[in-house]
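Engineer: One structure is given below, represented as structure tokens, and several questions about it will come after.
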Amino acid sequence: MARTSGKLRSSSSGLFSDRPEVEDHLSLGCSVSEPPPKLQLRDLLDITPSLTEAAGAIVDDSFTRCFKSNPPEPWNWNAYLFPLWCFGVVVRYLILFPLRATVLAIGWIVFLSSFIPVHFLLKGHGTLRKKIERGLVELMCSFFVASWTGVIKYHGPRPSMRPKQVFVANHTSMIDFIVLEQMTAFALIMQKHPGWVGLVQRIILESVGGIWFNRSEAKDREAVAKKLKDHIEGTGNNSLLIFPEGTCVNNNYTVMFKKGAFELGCTVCPVAIKYNKIFVDAFWNSRKQSFTKHLLQLMTSWAVVCNVWYLEPQTIRPGETPIEFAERVRDAISKRAGLKKVPWDGYLKYSRPSPKQMEEKQQSYAAAMLQTLEVDAK
């Protein structure tokens, strides 16, 4: 038995002969029983800026995820998939795109040849003109959806025009309005845009009761609030459609809803929109591409696949604030569309620092860290 234990000890010592002993990790002047040094207030103050910077980085990462497009992973990485991918590019750009462009051009010709005479010749017949223009706008939106080979599935009862109601939906792109408008005529509240989009706003969409605002002007907010109340109180107006997030989000998250739509004292009808990213990512990143390029991206994809859910109308509960009401509606939309809620204001997207400012901040932080390390080394 003694021989066996001796062999085990010799074998064990041979097996772990290169493992450092515990004493190697201890300084020569310290005892094992000596307590570790106490953390001083000075040490906590030294690491506070680092913790603040780390927390800021985490918050920034959580915020920017809401406004980043997620390109699909490449699948044409081997010899037999790459030819299929090339064939798909030829089909999409040389066959589907010309056909879709032709459909859209025909749509514009039909629409303008009908809308212009109605708009200018029936000025004295307000009700009839509104009805015809409403139908023409719905028709034009259908042409747009056809130009993407849109596959839109609507769930729930079709909205009807009723007094004192407003529709709210999550926002991924300006095509959200087109997707909803081809089914039902809505009056849209929307940021003013330049170029041909602004021309469409001023001439065409105003015919269905559009309300425009400029995000940078405080006076516009007061005027828009009054227009909203007047529109809802009016009779014969199209139902008002509002995107309370105030900006486009990448269809994975929902940011905070603005309370304006929820303090009008009317019924709120939630609408949940979810795009299928297998064929194309419908998120419009307005900072990186114009709306024209965005439409070209959709027209050169395989299809735009989307689900729309008309949820149960909601009214504010006794004792409930407009902010709480907005959060309750956001909960319903997020749950139905499978979106993650984040506690950020979407307008922060327009006040983010420039890359130069971020680089200067990084350099100053790196210099502070190097100075701290030099002091500790001395």
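Please treat every number below as a calculation from the coordinates, not as lab data. Computed from a predicted structure; not experimentally measured. Because the Cβ atoms are built from the backbone with ideal geometry, glycine has one as well, and the counts that use them run over all protein chains shown.
Engineer: Give me the one-decimal nm value for the distance between modelled label points at A101 and F82, 7 Å along each residue's Cα-to-Cβ direction.
Structural biologist: Here the modelled spin labels are 2.9 nm apart.
Engineer: May I ask for the percentage of alpha-carbon pairs in region 56-208 that lie more than 24 Å from each other?
Structural biologist: Values: 6122 of 11628 pairs.
So the portion of pairs separated by more than 24 Å is 53 percent.
Engineer: Order by neighbour count: Y253, Y275, fewest other Cβ atoms within 10 Å first, most last. Don't skip to the end; give the middle numbers.
Structural biologist: Values: Y253 20, Y275 23.
Listed from fewest to most nearby Cβ atoms, that is Y253, Y275.
Engineer: Please give, to one decimal in nm, the separation of the simple spin-label points placed at T300 and V89, each 7 Å out from Cα toward the Cβ.
Structural biologist: Using points 7 Å along Cα→Cβ, the separation is 1.0 nm.
Engineer: Taking square-rooted eigenvalues a ≥ b ≥ c of the alpha carbon gyration tensor, is region 170-263 rounded, prolate or oblate, where a/c under 1.5 means rounded and, failing that, a/b exceeding b/c means prolate?
Structural biologist: Working: a/c = 1.22, a/b = 1.10, b/c = 1.11.
Rounded.
Engineer: Another question, if that's okay. Output needed: percent of Cα pairs per 10 Å distance bin for region 152-347, bins running from 0 to the one holding the longest distance.
Structural biologist: Final binned percentages: 8, 36, 40, 14, 1, 0.
Engineer: For each of D345, D176, count neighbouring Cβ atoms within 10 Å of the residue's Cβ, then give the residues from fewest to most. Spell out each step's value before the answer.
Structural biologist: Values: D345 14, D176 24.
Fewest-to-most ranking of D345, D176: D345, D176.
Engineer: A further question follows. Want the number for E233 to Q191: 0.36 nm per residue separation, take away the alpha-carbon distance, what's left?
Structural biologist: On the way: separation 42, 0.36 × 42 = 15.12 nm, distance 2.23 nm.
Extra length from E233 to Q191 when fully extended: 12.9 nm.
Engineer: Return the long-range amide H neighbours of G150 (sequence gap of 5 or more, or a different chain), with a cut-off of under 5 Å between placed amide H atoms.
Structural biologist: When sequence neighbours closer than 5 places are left aside, the close amide H contacts are V304.
Engineer: Taking a ≥ b ≥ c as the square roots of the Cα gyration tensor eigenvalues, with a/c under 1.5 meaning rounded and otherwise prolate when a/b beats b/c, else oblate, which class fits region 141-211? Don't skip to the answer; put the middle values down first.
Structural biologist: Values: a/c = 1.83, a/b = 1.14, b/c = 1.61.
Oblate, since a/c reaches 1.5 and b/c is not below a/b.
Engineer: Report the net charge of residues surrounding F144, where surrounding means a beta-carbon distance below 13 angstrom and charges are Lys +1, Arg +1, Asp -1, Glu -1.
Structural biologist: Values: positive: R100; negative: E138, D176, E181.
Here the charged neighbours net out to -2.
Engineer: Moving on to the next point. How would you rank 195-203, 160-168, 134-142, highest first, on the average number of other Cβ atoms within 10 Å across their residues?
Structural biologist: On the way: 195-203: 12.8, 160-168: 16.0, 134-142: 18.3.
Answer by packing, highest mean first, reads 134-142, 160-168, 195-203.
Engineer: Roughly speaking, what is the stretch gain from K293 to V151, that is 0.36 nm per residue apart minus the C-alpha to C-alpha distance, in nm to one decimal?
Structural biologist: Details: separation 142, 0.36 × 142 = 51.12 nm, distance 2.08 nm.
Going from the current span to full extension adds 49.0 nm.
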